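In what follows, a single structure is set out as structure tokens and then discussed.
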Amino acid sequence: MATQHISRYSTRKRVLVTGGAGFIGSHLCARLIEQGHEVLCVDNFFTGTRANIAPLLDHDSFELMRHDVTFPLYVEVDEIYNLACPASPVHYQFDPVQTTKTSVVGAVNMLGLAKRLRAPILQASTSEVYGDPSVHPQVESYWGNVNPIGPRSCYDEGKRCAETLFFDYNRQHGIPIKVIRIFNTYGPHMHPNDGRVVSNFIVQALRGQDITIYGDGQQTRSFCYVDDLVRGFMAMMATPNEVTGPINLGNPGEFTMLELAQIVIELTGSTSRLEHRPLPQDDPKQRRPDISKAKETLGWDVTIPLREGLVKTIDYFRGVVAREG
Ligand code: NAD
Ligand code: UDP
Ligand code: UDP
């Protein structure tokens, strides 16, 4: 308990980031270290990589632990960010039972840890809790439209159950919880083969391959650059205990997949053409966050428009594709 005791008297905190070697987690770890905190990164490397955290490995304030959050974890920290969970449909459907276990059993374990330490815990929830939404844009008070037995359910229902656990630990045990619902986020460190639309389109454009549009391409998504999101995470963690969320974080700019493909082709200068493929089952038709609550509660807003964020992401993937040869 010594670390926790000492750090209570300073602004330097010891922070646990589960899923810290993943796309968003690696940016969060870097930002926390930049701000002078100590980071314990816990990851089972299912989708995360050492490369994502390579620049942090030699840092005195960074510690890496290979661990699966479906097993108990006894460590001493001041704050917990719970990000461990595969996030792209291709990855979370690869082993759907493990996906639900990670969301649900992982949440129980991290909440048990938070309860023992009396530490605030932030949950990386998702816009998928709204499913294929009939309310547009999505507000936090909307309960969603989710298929409980489809191929996306392991993720959607797992994340919904995790939210239930967070609110029950808050009501039953008084744990300070912070639930944020993340809308589609993109940026460097996305996995090149995770099948998500931004990484797919960029990698296809850079390789001169056809760009795969699922369905007619009229479905919409709203894309947030990772730096904006990470700022929102930290603003949420800094709120008083009575602020529990859920709070949407995302960029309200809404684009069809056809529009996204055109922008990626233009920014990469690619000669790629569009190829239509079948729309996956239960693919949401539209998605855009209402971020009024984040603006009011956190003073948070997005600062990086899609084109600007795509340029940075394309730069990153140019390096990845070049290394592949
Ligand atoms: P990611 O796949 O890059 O990161 C997830 C990380 O969790 C990986 O490093 C992975 O190895 C790790 N992990 C998976 N199962 C684990 C387990 N059982 N134990 C320990 N570690 C485990 O995905 P991401 O995009 O960085 O997503 C991070 C979090 O944000 C996830 O919880 C995801 O559901 C949520 N989220 C992301 C988005 C988005 O657009 N990127 C949108 C909504 C929600
Ligand atoms: N747990 C953990 N680390 C801790 C404390 C608890 O991983 O520091 C796990 C442990 O597996 C436990 C779960 O969290 O089963 C839930 O803990 P809680 O105290 O809520 O319940 P209980 O211990 O009664 O199961
Ligand atoms: N999509 C697409 N081509 C691709 C990958 C995805 O048209 O190569 C579509 C997909 O059908 C969905 C949208 O892009 O409508 C966003 O997909 P992603 O998997 O990135 O995120 P999610 O569906 O979880 O929001």
Give me the pairs, please: first residue somewhere in the range 187-215 and touching a residue at least 40 places away in the same chain (Cβ under 8 Å) and more than 7 Å from ligand 3 (Cβ to nearest atom), second residue anywhere and in a strand (DSSP E or B) and of a type in the set (A, V, I, L, M), beta-carbon distance under 9 Å, and either six or more positions apart or on two chains. 204/211; 205/211; 210/274; 211/274
Contact list please: Cβ distance under 8 Å, first residue in the range 39-55 and under 12 Å from residue 191 (Cβ atoms) and away from ligand 2 (no atom under 16 Å from the Cβ), second residue of a type in the set (S, T, N, Q) and not in a helix (DSSP H, G or I), pairs at least six apart or on different chains. 47/88
Going through the range 169-203 one residue at a time, which ones are more than 15 Å from the chain's Cα centre (by Cα), crowded, with 22+ Cβ neighbours inside 10 Å and polar (S, T, N, Q)? 200
Can you confirm whether residue 268 is among the hydroxyl-bearing types (Ser, Thr, Tyr) and crowded, with 17+ Cβ neighbours inside 10 Å? yes
Residues that are within 13 Å of ligand 1 (Cβ to nearest atom), within 24 Å of residue 29 (Cβ to Cβ) and under 18 Å from the mean Cα position of the chain (by Cα): does the range 71-79 have at least one? no
Test for residue 181: is it at pLDDT 95 or above and more than 24 Å from residue 199 (Cβ to Cβ): no
I'm trying to understand the selection: among the residues of the range 1-34, which are farther than 10 Å from residue 78 by Cα, among the polar types (S, T, N, Q) and modelled with pLDDT under 95? 10, 11
Filter the helices (runs of 4 or more DSSP H) completely within the range 173-281 down to those with at least 2 residues that are within 23 Å of residue 52 (Cα to Cα). 197-207, 226-237
Of all the residues that make up the range 65-114, how many are in contact (Cβ under 8 Å) with a residue 24 or more places away in the chain, among the acidic types (Asp, Glu) and either part of a loop (DSSP other than H, G, I, E, B) or closer than 18 Å to residue 149 by Cα (or both)? 3
What's the number of the only condition in (1) more than 13 Å from ligand 1 (Cβ to nearest atom); (2) closer than 25 Å to residue 90 by Cα; (3) in a helix (DSSP H, G or I) that residue 150 fails to meet? (3)
Can you find, within the range 40-64, the residue that is nearest to ligand 1 (Cβ to nearest atom) among those that are in contact with a Gly (Cβ under 7 Å, 6 or more places away or on another chain) and part of a strand (DSSP E or B)? 43
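The values are calculated or read from the model by the stated rules, or taken from the named source; none is laboratory data. Note that the coordinates shown come from a computational prediction; the quantities given were computed from them, not determined experimentally. Cβ atoms come from the backbone with ideal geometry, glycine included; neighbour counts cover every protein chain shown.
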